[in-house]
1. Check Ala13, Ala26, Ala33 and return the single one that is exposed (fewer than 14 other Cβ atoms within 10 Å of the Cβ) and more than 30 Å from His107 (Cα to Cα).
2. I'd like the full set of residues that are in contact (Cβ under 8 Å) with a residue 12 or more places away in the chain, outside any loop (DSSP other than H, G, I, E, B) and more than 30 Å from Ala351 (Cβ to Cβ), limited to segment 291-324.
3. Among the candidates Gly235, Gly251, single out the residue that is without any contact (Cβ under 8 Å) to a residue 40 or more places away in the chain and either in the same structural domain as Thr93 (by TED's automatic domain parsing) or β-branched (Val, Ile, Thr) (or both).
4. Any residue at all in segment 95-102 that is closer than 26 Å to Gln191 by Cβ and either surrounded by 18 or more Cβ atoms within 10 Å (Cβ to Cβ) or of a type in the set (A, V, I, L, M, F, W, C) (or both)?
5. Residue check, Gly254 against (1) touching a helix residue (DSSP H, G or I) at 6+ places or on another chain (Cβ under 9 Å); (2) on the phi > 0 side of the Ramachandran plot; (3) not charged (D, E, K, R), all met but one. Which one?
6. Does Leu49 satisfy the condition of being farther than 22 Å from Gly256 by Cα and among the hydrophobic types (A, V, I, L, M, F, W, C)?
7. From (1) surrounded by fewer than 22 Cβ atoms within 10 Å (Cβ to Cβ); (2) at negative phi, pick out the condition that doesn't hold for Gly43.
8. Identify all residues within segment 180-199 that are part of a loop (DSSP other than H, G, I, E, B), out of contact with any helix residue (DSSP H, G or I) (no Cβ under 7 Å at 6 or more places or on another chain) and hydroxyl-bearing (Ser, Thr, Tyr); write none if there are none.
Amino acid sequence: MATVLYAVDPLVAFARALLERSGVRADIAQDVAEVLVAGDLLGHTTHGLALLAGYLGEIENGSMAKDGAPKIVNERPAAQTWDGCRLPGPWLTLRALDAAAAMAATHGTGTVVIRRSHHIACLAAYLLRATERGLVAIVQSSDPVVAAVVPHGGMTAFITPNPIAAGLPTSGDPILVDVSTSITSMGYTRQRMDAGEKLPGAWAIDAAGNATDDPAALWKEPKGALLPLGGLDAGHKGFGLGLMIEALTAGLSGFGRADPKEGWGATVFVQVLDPEAFAGLAAFRRQMDFIAASARGTAPRPGVDRVRLPGEGGLRRHREQTTNGVALHSAIMPALQPWADKLGVPLPRGA
């Protein structure tokens with residue numbers, strides 16, 4: 001079957017219309033729609049419009065707020081703590097990025113941590129908004145409800161994949177890092193299971209404690225879990241990074257797994273640094289340009305055509321799909337069809 005491509009603007013308009021018909025305030029709906037489509041543009045098919053049906057369900061059952069504003073819990077010149085009031089995570093994260101950038105303009109750095117946000121979608125989708133301004137951005141998140149990743153040496157899931165993303169400006173394309181502290185994400189294992197495919201490696205652990213490439217181990221009883229980054233041999237690395245992100249999200253915000261469960265959501269850490277407050281943007285770019293050129297200039301191992309930097313493939317897909325149309329995962333539109341019918345929003349046509 002031929003891949004259906006969708007023009008970007010109609011996809012954003014479609015997502016926004018579904019959200020608005022569900023009662024979400026117009027500006028919030030627009031931001032959420034843009035962030036979700038940006039995830040698909042970058043090739044993060046599990047964290048783009050694949051999330052929208054779930055978001056609409058959360059709105060319908062009252063678990064995601066449709067209107068309002070975050071509350072400032074604590075504030076200092078270069079740091080703020082917000083209560084997100086269960087508002088949509090993409091809108092909150094964009095507001096936090098703006099606030100952190102404003103603090104960085106004065107103080108060189110700014111940090112916002114958000115408790116009680118809803119899910120924030122694809123972390124990489126936020127980074128270009130900072131790097132295009134010559135700023136460094138770091139975004140991290142955890143979900144205080146979900147447990148899907150085991151500690152190194154353990155068999156019981158205790159945290160989420162706890163992703164971290166960083167946008168690093170260069171003289172050319174920025175370096176965009178977006179990784180989970182587990183080997184893979186829950187969304188990816190679900191997609192592989194639904195497609196009847198194995199994982200590329202033994203990235204999960206079954207209920208008996210055996211490493212496995214079967215994605216169903218995470219979803220079918222008795223349930224297994226995801227392994228931390230590094231797997232059975234070097235999982236102490238992902239385990240440590242996951243704990244660090246728990247500290248910078250739940251620890252700094254004062255809200256996390258130690259508190260009563262409120263449903264699917266996120267605790268978020270957003271930090272912006274202005275290189276001009278340090279050695280200067282030109283100096284930062286000179287160093288990053290050298291590092292990027294050094295990495296690209298290394299001899300590729302057999303079977304690899306050339307070394308690519310983090311985010312390089314995503315930016316290439318972003319440019320190609322902006323021009324030619326977005327290739328959505330085959331499960332996305334069927335999942336959104338019932339919501340489109342229910343809310344009276346026509347599905348977008350292929351490009």
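1. Working: Ala13 fails: exposed (fewer than 14 other Cβ atoms within 10 Å of the Cβ); Ala33 fails: exposed (fewer than 14 other Cβ atoms within 10 Å of the Cβ).
Only one candidate passes the filter, namely Ala26.
2. Passing the criteria: Ala292, Ala295, Arg296.
3. Values: Gly235 fails: without any contact (Cβ under 8 Å) to a residue 40 or more places away in the chain.
Selected residue: Gly251, the only one of Gly235, Gly251 that is without any contact (Cβ under 8 Å) to a residue 40 or more places away in the chain and either in the same structural domain as Thr93 (by TED's automatic domain parsing) or β-branched (Val, Ile, Thr) (or both).
4. Taking segment 95-102 and keeping what is closer than 26 Å to Gln191 by Cβ, we get none.
No; the residues of segment 95-102 include none that is closer than 26 Å to Gln191 by Cβ and either surrounded by 18 or more Cβ atoms within 10 Å (Cβ to Cβ) or of a type in the set (A, V, I, L, M, F, W, C) (or both).
5. Every listed condition holds for Gly254 apart from (1).
6. Working: farther than 22 Å from Gly256 by Cα: yes; among the hydrophobic types (A, V, I, L, M, F, W, C): yes.
In short, yes.
7. Exception for Gly43: condition (2).
8. Ser180, Thr184, Ser185
The values are calculated or read from the model by the stated rules, or taken from the named source; none is laboratory data. Just so it is clear, the structure is predicted and the values come from calculations on it, not from any experiment. Reconstructed Cβ throughout: ideal geometry from the backbone, glycine too, with neighbour counts over all protein chains shown.
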